[in-house]
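Student: Questions regarding the structure given below will be posed in turn.
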Amino acid sequence: MAAPSYTKQQVSKLPSQPGVYRFLNKEGKVIYVGKAKDLKKRVSSYFNKSSLPNRKTMRMVWEISTIECTVVNSEFDALLLENNLIKKTLPKYNIRLKDDKSFPYIWVPDERFHRIMPIRNKHNYKGGTFFGPYANVVAMKSVLDLIRKLYTIRTCKYDLSEKNIDKGKFKICLEYHIGNCKGPCEGLQSQQDYDRDIEQALNVLKGRLTLVKNYFKDKMFEASEKLNFERAQKMKERLGLLAKFQAKSTIVNPRISDLDVCCIYSDEKMAFINFMRIKNGALETSHSTQIKKKLDEDDHEILTKVLFEFRQRFDSNAKKVLVNTAIEWELEGLQITVPRKGDKKKLIDLGRKNALYYKKKYYENKEELAQKKDRVLKALQQDLNLKTFPVHIECFDNSNIQGAFPVASMVHFKNGKPLKKEYRHYNIKSVDGPDDFASMYEVVHRRYRRLAGEDKPMPHLVVIDGGKGQLNAACQALKDLQLYGAIPIIGIAKRLEEIYFPHDQYPIFIDKKSPSLRLLQQVRDEAHRFAVTFHRNQRSRKSLGTELEQIPGIGSQTATRLLRKYKSLKKVREATEKDLALVVGPSRAGKLKQYFKD
C-alpha cells in the first residue's frame, strides 16, 4: 500500500527541529502521537517503504489524512508534550499505561490533631499532604500498621476545634480504652504532644527512618536514666519494630540513596516493566506492569515513555536512574545509566527478575482464564446441545413504559466476555403501543438482515430475554430472512430461569450451580442493563426536549441543538446569553434567558 501523495507533501514542509507530531485520519481523529529530535527526518521515515518495519505501521500510514506538529525547545519538552497529548487524545496506535486512579495513597489532611488516612484517587481530596501512590494496598498497609504501632494517632472523623473540645461535644471511644488513642477529643492530650507524634509519623512516611530511630533511642536512654524502665522498654520495642521494618525493605548499600530503577523485558507482543524507587538503600516502591505493543516498538522507545510516566505517577524527584536498556533521549537534570557491576548492577538484576516473574504470572493467569472460559463454553454447548462451539453470543432485550419510548438492545459476547464495541441499541420504528413481541421481531429482523446484507458472520447462539412469545417472534424474523435453523436461538425467562427452545412445548432447567447458566444470566442481565440505560436516556432527552419546546420561539430542531450542546436543562439554564446565542442565535437566546428568569 502506498501512502497518499498529499501526506508526503505535508512532510516536505515540516521543520528539522525537535517537537511532537500527530497523525490524524480522514475523520479528524488523532491516531498516533510521536516525538522526534528532527521532525522532518522522523516523519519522513514513515513514508519510506524500506524503513517500514511491519504491517501494523503500514496500516497506520495508510490511514493518515493530516499531519500536525508542534515545535518545542528541548527533548524533555517533547517528551512531556507527547505524554500529555496521548493521555488527552487516546490514539489507537500509541502504547498506554493503565490509569493510576486506583493506586492507594496516604493522606494527612490540614486540620487540628491531624489524621493519617488511606485513600484512593487523591483528586477527590483537597488540601493536606499526600504520600504515594503505593504500588499496592499491602505496601501501604504495612506502613500504616507500623505508624499505628509506634504512635497514638486518632482515627475518628470529629472536628476537634478548640470550641468543640471546650464544650465537651465528643466522648472518648474504644480506641482510647485499648490504648490506641490518648483522647484529644476530651482534651486529655494536648495538641503540642499530639503534634510531636505526627511529626515523627511524617518522618516514617518520608522514609527518614534514621531520624525516627535516633528519636526513640534518645527517649529510651532518657527514661532509663530516670529509672522509668517501663517507658524505656516501650521505646526499645518500638526500635525493634523499626529495625524489623527496615530490614524487610533494605536491599542494597544504605549509601545508595535517591535513585530510580526501571527494567524492561519484552517479547513479540508484550513488554513487561518493573519500576523501583530506592531511598537510603531501602526499596520504597516496586511496581510491575505489562504493555501491549501497537507498532512493534523497540525496548528503548517503550522504556523512555514508561520511565517518564512512572516518575510522574510515583512523584519521583531522583536525579539518577538505572536502566537495563540504553535510552536515546536525554532528559534535563537526569543522569540515566546502564550499570555493569557492583551494587547498582544488583538492583538492575533485581528489577529484571521482577519483570520476568511478572511476565510468567501474566501468561499463567491468561492461560488459566482461557481454560476456564473454554470449560464454561463447552458446558454451555453440552447443556444446550449445540453443534457449534458458542464463541459469539448475541442477546436481545426490549424496554418501554406502557408503550412509551420503546427501545431495544443487543449485546455481544466473545469467548464468554462482553465485546462492547459490538453492542447495538435500537429505537423501535414499526410498533405502536406496548407490543413486546412485535418489537422483538423488528430488532431481530433488522440485525440479521444487515449482517446478511453486509456478508458478515452470524453468531453461534442467539439469546432472547423473555419467554415463549418473544422467542416465537424472533424465530419468525429469522424465518422471513431464511436464516431459521442456521443460527441456534433460545429464550430465557427471568422468574425461574427457564430455557425455551423453538417448537418445544415445555422449557428445560439447567442446574442453578452450572457455569453455563451463570454465563446465560450474565448475558441476559447485560442486555437488560443496556436496554434500560438507553431507555432512560431517551426518555430524559425527549421529555427535556418537550419542555424546551414549550418556550415560545423554540422548536424541536432548536431544542435538539441545545440538548446536543448542553446535555441537560440545568446547563442550558446556567449558560450565559452570549453562549446561547452562539448555538441558537441572539433572538432565541434572549427568549430562553427571559423564560428562565420568569
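Student: Per-residue HN-Hα couplings for the stretch 319-334, Karplus 6.51 cos²θ - 1.76 cosθ + 1.60 at θ = phi - 60°, whole Hz, x for Gly and Pro?
Tutor: Residue by residue, the stretch 319-334 yields 8, 10, 9, 9, 9, 9, 9, 4, 10, 6, 7, 9, 10, 4, x, 10 Hz.
Student: Then there's this: If you fit an axis through the alpha-carbon atoms of helix 586-597 and take the longest principal axis of the Cα set of the chain, what angle between them do you get, 0 to 90°, nearest 10?
Tutor: Orientation of helix 586-597: about 70 degrees from the principal axis.
Student: Take every DSSP beta bridge whose two residues both sit in the chain, then give the antiparallel share in percent to the nearest 5. It would help to have the intermediate numbers written out before the result.
Tutor: Details: 57 of 73 bridges.
Restricted to the chain, the bridges split so that about 80 percent are antiparallel.
Student: On to the next question. Taking only Cα atoms, what is the 0 to 90° angle, nearest 10, from helix 299-313's long axis to the longest principal axis of the chain?
Tutor: Computed tilt is about 70 degrees.
Student: Once Lys and Arg get +1 and Asp and Glu get -1 on their Cβ, which of 276, 306, 295 lies farthest toward the positive end of the dipole of the stretch 180-313?
Tutor: Working it through, the farthest residue towards the positive pole turns out to be 276.
Student: Over 31 Å between C-alpha atoms is what I'm after, so list which of 236/341; 37/320; 87/571 land there. Show your work: numbers first, answer last.
Tutor: On the way: 236/341 39 Å; 37/320 23 Å; 87/571 27 Å.
Exceeds cut-off: 236/341.
Student: Too long at a 28 Å Cα-Cα cut-off: which of 217/345; 244/366; 219/345; 29/269; 366/421? Could the numbers behind the result be given before it?
Tutor: Working: 217/345 35 Å; 244/366 36 Å; 219/345 39 Å; 29/269 25 Å; 366/421 22 Å.
From 217/345; 244/366; 219/345; 29/269; 366/421, over 28 Å: 217/345; 244/366; 219/345.
Student: Could you name the lysines whose alpha carbon sits less than 16 Å from that of residue 429, not counting residues in the same chain fewer than 8 places away?
Tutor: 542
Student: Taking amide hydrogens as modeled 1.01 Å from N in the peptide plane, which residues meet the under 5 Å criterion relative to residue 285, leaving out close sequence neighbours?
Tutor: Answer set, sorted by chain and number: 277.
Student: Could you order the peptides 375-384, 421-430 from most to least packed, using the average number of other C-beta atoms within 10 Å per residue? Kindly include the intermediate steps, with their values, before the conclusion.
Tutor: On the way: 375-384: 17.2, 421-430: 14.3.
Highest-to-lowest ranking by the protection proxy: 375-384, 421-430.
Student: What share of the DSSP beta bridges in the stretch 259-361 is antiparallel, in percent to the nearest 5?
Tutor: 70 percent
Student: Between [x] 97, 71, 67; [y] 78, 68, 40; [z] 87, 76, 49, which matches Cα extents along the principal axes in Å calculated for the structure shown?
Tutor: [x]
Student: Here is a follow-up. Using the crude model of +1 on Lys and Arg Cβ and -1 on Asp and Glu Cβ, and no other charge, please compute the dipole size for the chain relative to its Cα centre, in debye to 20.
Tutor: On the way: 112 positive and 71 negative charges, 130 e Å.
For the chain, the charge dipole is close to 620 debye.
Student: Then there's this: Just tell me which lysines come within less than 22 Å, Cα to Cα, of residue 169; anything on the same chain fewer than 8 places away is out.
Tutor: Output for residue 169: 157, 182.
Student: Also, I was wondering about something else. Sum -39500 (n - 2.57) across every DSSP H segment of at least 4 residues in the chain, then divide by the residue count to get the 222 nm mean residue ellipticity, nearest 500.
Tutor: Rounded to the nearest 500, it is -15000 deg cm²/dmol.
Student: Under 25 Å Cα to Cα from residue 387, which lysines show up? Leave out anything in the same chain fewer than 8 places away.
Tutor: 372, 373, 378, 414, 417, 456, 468, 479, 512, 513
Throughout, read-outs are computed from the coordinates displayed, never taken from laboratory work. This one's a predicted model, so the numbers in the text were calculated from it and none came from an experiment. Cβ coordinates were reconstructed from backbone atoms using ideal geometry, including for glycine residues, and neighbour counts include every protein chain displayed.
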